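K.L.:
Take a look at this one; I'll ask things after.
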Amino acid sequence: MANICTKIKLYAKSKGVNSIDFLTDVVVEQPAGEDSKIKTWNLSIDEPTADQLNSFESAGNTDETLQAVLNKRANEYLSWQQQMEMIYKDQKNGTTTFKDHCDKVRSDNPKG
């Protein structure tokens, strides 16, 4: 099930709002034993209904799955300093260490 914040972001984006601050623009709460809901809405677009948010369930799941893959990739890539060193050595020695590293991270974590 997609997170309410993901669905709010997708709803807002469909209305032309590309940035949301979840501390001031939209505040979400989860009362004990209840589903998360919008507590405060300070955007220039209409607050979505539950049905409107639920219409973004599938897109939200897709977005969250992709973001998980991208986060895993980011953790597996070496530091930029190490990557630059690989590129330098590849150019100097005619090797493909950097390309091989990137290909492995991508093949281990396909986008879908």
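The values are calculated or read from the model by the stated rules, or taken from the named source; none is laboratory data. Keep in mind that this is a model prediction, so the values were computed, not measured. Backbone-built Cβ (ideal geometry, glycine too); neighbour counts: all protein chains shown.
K.L.:
Taking segment 25-52, which residues are part of a loop (DSSP other than H, G, I, E, B), of a type outside the set (D, E, K, R), within 10 Å of ILE8 (Cβ to Cβ) and in contact with a Phe, Trp or Tyr (Cβ under 9 Å, 6 or more places away or on another chain)?
P.N.:
Across segment 25-52, the qualifying residue is only PRO48.
K.L.:
Mind listing whichever residues of segment 1-29 are farther than 12 Å from SER44 by Cα and hydrophobic (A, V, I, L, M, F, W, C)?
P.N.:
The answer is MET1, ALA2, ILE4, CYS5, ILE8, LEU10, PHE22, LEU23, VAL27, VAL28.
K.L.:
Say we look at segment 69-95 and pick out the residues that are surrounded by 12 or more Cβ atoms within 10 Å (Cβ to Cβ) and part of a loop (DSSP other than H, G, I, E, B); which of these is nearest to the chain's Cα centre (by Cα)?
P.N.:
In this case the residue turns out to be TYR77.
K.L.:
Could I ask something else about it? Filter segment 42-57 down to the residues that are surrounded by 14 or more Cβ atoms within 10 Å (Cβ to Cβ) and out of contact with any helix residue (DSSP H, G or I) (no Cβ under 9 Å at 6 or more places or on another chain) and list them by number.
P.N.:
GLU47
K.L.:
Between residues in segment 15-31 that are assigned by TED's automatic domain parsing to the domain that holds LEU43 and within 21 Å of SER55 (Cβ to Cβ) and residues that are of a type in the set (S, T, N, Q) and part of a strand (DSSP E or B), which pairs lie under 8 Å by C-beta distance while being six or more apart or on different chains?
P.N.:
These pairs meet every condition: VAL26/THR40.
K.L.:
Given the criteria modelled with pLDDT of 95 or more, surrounded by fewer than 11 Cβ atoms within 10 Å (Cβ to Cβ) and either in the same structural domain as SER19 (by TED's automatic domain parsing) or within 20 Å of the chain's Cα centre (by Cα) (or both), does THR62 qualify?
P.N.:
Answer is no for this residue.
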